[in-house]
Amino acid sequence: MNIFVAGATGVIGRPLVTLLVRAGHSVTGSTRSAAKAADISALGATPAVVDAFDAAALTQAVAAARPQVVIHQLTDLPDSSDPASMAASRARNSKLRIEGTANLVAAARAAGAKRLVAQSIAFIYAPGLTPHRETDPLMSGEGDSPDALSARGVRALEDGVMGAAGLEGIVLRYGRLYGPGTWFDKPGGPGPLTTGAAAQAALLAVSRGAPGIYNIAEDDGAVSIEKARRDLGFDPAFRLQA
């Protein structure tokens, strides 16, 4: 299967490309950095150097890959969780979720893709009883707080993916990432998740599961992963082998 991975050099993108190639898929992976194109080639995929904010260039890059499935792993986050830079980082990431997602949805539709799998987050639910299920309300997104800014970005991303005519939209609400390349070496809060398990969930969503939203996290009681286990075959204990 031809698959386009947007954000192929991120902490989930890299293991995801590895898993997709191992599964026999033909993968095109995007990066906005020409310096990282060789990293994508080394994983066995075809690099596409393109900025998600450049709608025309993104449409051209996705069309060239002729994908049946497009996977959205775009983020704009720093390498470390420095509090001094987090406000600006959240603003950039929210903008990417809003504008970059819209551009990617349009590109996927123009290319004739059948399915769009997108990264969201599972720690943006409104306060309430746990474990949170996919039908529980999210934070409102009102106001200027960092959480509100993130919520607006998440809402725009999920609405764009789930409302894309002609595409089977699947949203994966990932837990708090830990492990190599992330901000944490060990679980750092409720609903943790390794990057390998996150990547495995995206691989499964290529061909499994009905369109919809799925919580993807470790089973610690913060969010319910019953739907992902049943419909995707998700296993939070999955670890990527070298």
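Answer with one residue from 169, 63, 154: the one whose Cα lies farthest towards the positive end of the charge dipole of the chain, charges on Cβ with Lys, Arg +1 and Asp, Glu -1.
Highest projection toward the positive end goes to 63.
Share of Cα-Cα pairs in the chain beyond 28 Å, in percent? Mind dumping the intermediate values first?
Details: 7002 of 29161 pairs.
Cα-Cα pairs in the chain separated by more than 28 Å: 24 percent.
Quick check on the exposure proxy: order 133, 230, 90 from fewest to most C-beta atoms within 10 angstrom.
Numbers: 133 15, 230 11, 90 19.
Least to most surrounded, the residues fall as 230, 133, 90.
Can you tell me which of 141, 24, 175 moves the most in a GNM of the chain? Springs connect C-alpha atoms under 10 Å apart.
24
Over the alpha carbons of the stretch 15-144, what is the largest minus smallest coordinate on each principal axis, giving the biggest first in Å?
43, 34, 29
Based on DSSP H runs of at least 4 residues, each adding -39500 (n - 2.57), what is the mean residue ellipticity at 222 nm of the chain after dividing by all its residues, to the nearest 500 deg cm²/dmol? Intermediate results must be reported in sequence, preceding the final value.
Details: 8 runs with 87 residues, N = 242.
Result for the chain: -11000 deg cm²/dmol, rounded to the nearest 500.
Could you tell me which of 100, 209, 131 has its Cα farthest along the dipole of the chain towards the positive end, charges placed at Cβ (Lys, Arg +1; Asp, Glu -1), taken about the Cα centre?
The residue sitting farthest along the positive end of the dipole is 209.
Quick one: compute the contact order of the chain, relative version, from alpha carbon pairs under 8 angstrom and 6+ residues apart, as a percent.
Values: 528 pairs, mean separation 43.5, N = 242.
That works out to 18 percent.
If the only charges are +1 at each Lys and Arg Cβ and -1 at each Asp and Glu Cβ, what is the size of the charge dipole of the chain around the Cα centre, to the nearest 20 debye?
About 620 debye.
What is the antiparallel percent of DSSP beta bridges lying wholly in the stretch 2-232, to the nearest 5?
Values: 1 of 34 bridges.
If I count the DSSP bridges inside the stretch 2-232, around 5 percent turn out antiparallel.
Can you put 89, 30 in order of Cβ neighbours within 10 angstrom, beginning with the fewest? Don't skip to the end; give the middle numbers.
Details: 89 16, 30 29.
Least to most surrounded, the residues fall as 89, 30.
How much of the DSSP bridge set in the stretch 113-242 is antiparallel, in percent, rounded to the nearest 5?
Working: 1 of 17 bridges.
Given both bridge residues lie in the stretch 113-242, the antiparallel proportion sits at roughly 5 percent.
For the peptides 156-169, 193-206, what is the packing order when you average, over each peptide's residues, the other Cβ atoms within 10 Å and list the highest mean first?
193-206, 156-169
Bear in mind these aren't lab numbers, they're just calculated from the coordinates by the rules spelled out. Bear in mind that the values here come from a model prediction, so they are computed numbers and not experimental data. Here Cβ is always computed from backbone atoms with ideal geometry, including for glycine, and neighbour counts include all displayed protein chains.
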